[in-house]
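Data first, discussion second: the structure below is written as structure tokens.
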Amino acid sequence: MVAGANFNFNGCQVYKGYLDRFEQHALLSELRMIVSKAPLFSPLTPWGKPMSVKMTSAGKYGWYSDHKGYRYIPKHPNGTHWPEIPRSIQAIWHDLCGDQPNPECCLVNYYEKKAKMGLHQDKDEKNLMHPVLSISLGDDALFRIGGQNKNDRTESIWLSSGDVLVMSGASRLAYHGIDRIKYGSSQLLKSGGRLNLTLRVVD
DNA sequence: AAGTCTCT
DNA sequence: TAAA
């Protein structure tokens, strides 16, 4: 569908408007199913502060954090297996990442009005070469990305509902985060806020 | 520090 | 309040 990315920074590609409104709503109903089986929760950082972002996962693994550190776990804290990753989400992965193994984790992050996420690297996976794909739904978010060192120069871009971002190659281990969201900027979520889906190969 | 504080 |  999309020939090429329309933003590129250190190899991080952003496909603005990848999902149309119809596709965004379809994705949203898939997410409602996931959240009903695997409710959102606020993980604790390893140093005991609750994260402002609420999250859950789908797939073989879910991302988790507490005093023991960042890791992937095979079950939701409620003891049940994570729901399966919907086919429609897998299709986006294969469209943009091509010949890659199937994603094993679809992390669902929910940002309410004041939620943000500090600069970090995605490095809890066994093979750090597989791409990371992120889908934005709902309110606009100010995304910041730098290089592989925390003090590298950073650049910011507004992500909107329907945008898809892929971090591969040089950007796979780039520091990135969300500085803030523009609460109420999208009508997609009746409740307001932003949903972000992150697809990763874990093993 | 996947947070937060501080400085502008 | 936004940038870093």
request  = Please identify the pairs in which a residue from segment A:183-203 that is of a type in the set (Asp, Glu) has its Cβ atom under 7 Å from the Cβ atom of a residue that is at pLDDT 95 or above, counting only partners at least 6 apart or on another chain.
outcome  = A:ASP203/A:GLU104; A:ASP203/A:LYS126
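Quick one: which strands (runs of 3 or more DSSP E) sit completely within segment A:1-81 and have at least 3 residues that are without any contact (Cβ under 8 Å) to a residue 24 or more places away in the chain?
Answer list for segment A:1-81: A:62-66.
Sort through A:SER156, A:SER168, A:SER160, A:SER191 and tell me the only one that's among the hydroxyl-bearing types (Ser, Thr, Tyr) and in contact with a helix residue (DSSP H, G or I) (Cβ under 9 Å, 6 or more places away or on another chain).
Working: A:SER156 fails: in contact with a helix residue (DSSP H, G or I) (Cβ under 9 Å, 6 or more places away or on another chain); A:SER160 fails: in contact with a helix residue (DSSP H, G or I) (Cβ under 9 Å, 6 or more places away or on another chain); A:SER191 fails: in contact with a helix residue (DSSP H, G or I) (Cβ under 9 Å, 6 or more places away or on another chain).
The match here is A:SER168.
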ask   = Can A:LEU199 be described as crowded, with 20+ Cβ neighbours inside 10 Å, under 19 Å from A:LEU107 (Cα atoms) and away from DNA strand B (no atom under 13 Å from the Cβ)?
value = no
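Kindly state which strands (runs of 3 or more DSSP E) lie completely within segment A:112-158 and contain at least 1 residues that are at pLDDT 95 or above and more than 14 Å from DNA strand B (Cβ to nearest atom).
On the way: elements: A:117-120, A:132-138, A:140-145.
So the answer is A:132-138, A:140-145.
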message = If a residue must be within 13 Å of DNA strand B (Cβ to nearest atom) and either over 18 Å from A:GLU104 (Cα atoms) or under 13 Å from the mean Cα position of the chain (by Cα) (or both), how many such residues does segment A:159-180 contain?
response = 9
request  = Only residues in segment A:151-175 that are within 11 Å of A:LEU133 (Cα to Cα) count as the first member; pair them with residues that are assigned to a loop (DSSP other than H, G, I, E, B) and within 15 Å of DNA strand B (Cβ to nearest atom), Cβ under 6 angstrom, at least 6 apart or cross-chain, and list the lot.
outcome  = A:VAL166/A:PRO131; A:SER168/A:PRO131
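Quick grid of which residues meet (1) modelled with pLDDT of 95 or more; (2) surrounded by fewer than 14 Cβ atoms within 10 Å (Cβ to Cβ):
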site: A:PHE41; (1), (2): yes, no
site: A:THR45; (1), (2): no, no
site: A:HIS67; (1), (2): no, yes
site: A:PRO74; (1), (2): yes, yes
site: A:ILE89; (1), (2): yes, no
site: A:ILE92; (1), (2): yes, no
site: A:LEU96; (1), (2): yes, no
query = What is the one condition in (1) within 16 Å of DNA strand B (Cβ to nearest atom); (2) in contact with a Gly (Cβ under 7 Å, 6 or more places away or on another chain) that A:HIS76 does not satisfy?
reply = (1)
note = Scanning segment A:169-194 for residues that are more than 16 Å from DNA strand C (Cβ to nearest atom), touching an Asp or Glu at 6+ places or on another chain (Cβ under 9 Å) and closer than 14 Å to A:ASP122 by Cα gives A:ARG172, A:LEU173
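Can you find, within segment A:166-180, the residue that is surrounded by the most Cβ atoms within 10 Å (Cβ to Cβ) among those that are part of a loop (DSSP other than H, G, I, E, B) and of a type in the set (Gly, Ala, Ser)? Steps first, answer last, please.
Residues of segment A:166-180 that are part of a loop (DSSP other than H, G, I, E, B), as a first pass: A:168, A:172-175.
Applying the additional criterion that residues be of a type in the set (Gly, Ala, Ser) yields A:168, A:174.
Values: A:SER168: 17, A:ALA174: 23.
Residue satisfying both the conditions and the ranking: A:ALA174.
Kindly indicate the residue of segment A:129-159 that is away from DNA strand C (no atom under 16 Å from the Cβ) and over 21 Å from A:MET55 (Cβ atoms) and also surrounded by the most Cβ atoms within 10 Å (Cβ to Cβ) among those meeting that condition.
In the first step, residues of segment A:129-159 are kept if they are away from DNA strand C (no atom under 16 Å from the Cβ); the result is A:129-138, A:148.
Now narrow it down to the ones that are over 21 Å from A:MET55 (Cβ atoms): A:129, A:148.
On the way: A:MET129: 11, A:GLN148: 13.
By that ranking, first place goes to A:GLN148.
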key: Matching residues in segment A:1-59 - criterion: being of a type in the set (D, E, K, R) and under 26 Å from A:SER168 (Cβ atoms)   = A:LYS16, A:ASP20, A:GLU23, A:GLU30
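The values are calculated or read from the model by the stated rules, or taken from the named source; none is laboratory data. The shown structure was predicted, so the numbers you read here are calculated from the model rather than taken from an experiment. A quick note on method: Cβ atoms are made from the backbone with ideal geometry, for glycine too, and the neighbour counts reach across all protein chains shown.
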